[in-house]
Amino acid sequence: MNKIVLITGATSGIGLGCARKFAENGDKLILTGRNEQRLEEIRKELTVKGTKVQTLVFDVRDREKATLCVNGLSEEWREIDVLVNNAGLALGLEPEYEGSFDDWDTMIDTNLKGLLTMTRLIVPGMVARDRGHVINIGSVAGDAAYANGNVYCATKSAVKTLTDGLRLDVANTAVRVTNIKPGLVETNFSNTRFHGDKERAANVYKGIKPLTGDDIADVAVYAANAPAHVQIAEVLVLATHQGSGSVIVRK
Ligand code: NDP
Ligand code: 8X3
């Protein structure tokens, strides 16, 4: 069955990978993000290939706009089957006692409160229909802190707890809840983390073949298409030469 899949942060990296892979799977897409021009380019790219795409431009931190956009969906798009809570970021890599208040606020408001907003807006419909799937993009960083990761790791640890909590809260329904925890994925992530320092960002992926957004999207599509009685609760996906969040073997 064609599903309606809403992806947050669909303009780059893992979110863009999910857009392309769910499109290949024959699903209808609601792509959301802040960059209207990129969303339009991606909409055109996928529409040409026969995918039905709706775009919504909003920042997940803007609860009012998010609410207007989601509640304003037409009947054709309202019954969302899969919510991919992907929008998120790391900012900075410093000791906790030297971190930036602004960076902390942005990470908490995006990775946590943004995810909660989208969940709160979309899951009631899933529960009412007794059908749906929430896929949260957590991280290996949520399993254990690594040096200087402090607040980012804490947000992803909270994503794990919120995912587990939601799964319990909908266990009396057919709604499924998945936490995908990627390791090292080469996207715009490190460029954002280092505030545009491209050289520092490139070093993160030196000497190891990292994962791609498509690798993570494959897992999301698999989870969404598992038989109805199968709930992929949590998946940790690492690059082959990565042992944990802090052990990376570079050659
Ligand atoms: P990218 O930077 O490539 O993509 C992040 C996406 O999130 C972009 O589309 C970005 O949009 C969007 N976004 C960020 N902030 C907001 C916001 N406030 N409102 C709406 N959209 C927003 O990084 P990734 O693809 O790697 O990151 C996606 C998710 O994967 C994140 O949650 C990240 O924590 C997680 N992750 C990443 C890993 C990695 O190694 N790359 C590993 C584990 C987890 P814009 O272009 O407008 O900023
Ligand atoms: C992104 C992966 O290890 O850089 O969540 O934090 S890591």
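The values are calculated or read from the model by the stated rules, or taken from the named source; none is laboratory data. On a predicted model such as this, the values are computed, not experimentally measured, just so you know. Heads up, the Cβs are rebuilt from the backbone with ideal geometry, glycines too, and the neighbour counts pull from every protein chain shown. Ligands, DNA and RNA are excluded from the accessible area calculation, which covers all protein heavy atoms including side chains. Shrake-Rupley method; radii C 1.70, N 1.55, O 1.52, S 1.80 Å.
Over the chain, DSSP H runs of length four or greater, each weighted -39,500 (n - 2.57), average out per residue to a 222 nm ellipticity of -12000 deg cm²/dmol. Over the stretch 56-97, the alpha carbon radius of gyration divided by the compact-protein estimate 2.2 N^0.38 Å works out to 1.67. Distant-in-sequence amide contacts of V235, defined by a placed amide H-H separation under 5 Å and a gap of 5 or more residues or a different chain, comprise N179, I180, K181. Annotation: amide H-H contacts under 5 Å for R176 (H modelled 1.01 Å from N, sequence separation of 5 or more, or interchain): G132, H133, V134. Between the stretch 4-59 and the stretch 67-89, what's the alpha-carbon centroid distance in Å? If you average the Cα positions of each part, the centres end up 12 Å apart. Relative to the Cα centre, the charge distribution of the chain, modelled as +1 at Lys and Arg Cβ and -1 at Asp and Glu Cβ, gives a dipole magnitude of about 540 debye.
Cross-link pairs exceeding 29 Å between alpha carbons, from the set K28/K160; K156/K209; K44/K206; K3/K113; K52/K198; K65/K156: K44/K206; K52/K198.
Using a probe of 1.4 Å on the protein chains alone, the accessible area found for H241 is around 80 Å². In loop segments of the stretch 18-83 as defined by DSSP, the GluC sites (Glu not before Pro) with at most 16 further C-beta atoms inside 10 Å of their C-beta are E79.
Counting heavy atoms of the protein chains alone, S74 has an accessible area of about 50 Å² for a 1.4 Å probe.
Could you work out which residue, out of D215, D197, D62, moves most in a Gaussian network model of the chain, that is, has the largest mean-square fluctuation with Cα springs under 10 Å? For the chain, modelled as a Gaussian network with Cα springs under 10 Å, the answer is D197. Taking K198, K65 and ordering them by how much accessible surface each has at a 1.4 Å probe, largest first, produces K198, K65.
Of all DSSP beta bridges located in the chain, what percent are antiparallel, nearest 5? Here the share of antiparallel DSSP bridges comes out near 5 percent. Normalised per residue, the accessible area of the stretch 4-237 is 46 Å², obtained with a 1.4 Å probe and no contribution from ligands, DNA or RNA. Taking the Kirkwood radius as the inverse of the mean 1/r across Cα pairs, report the Rg/Rh of the chain. Here Rg/Rh amounts to 0.95.
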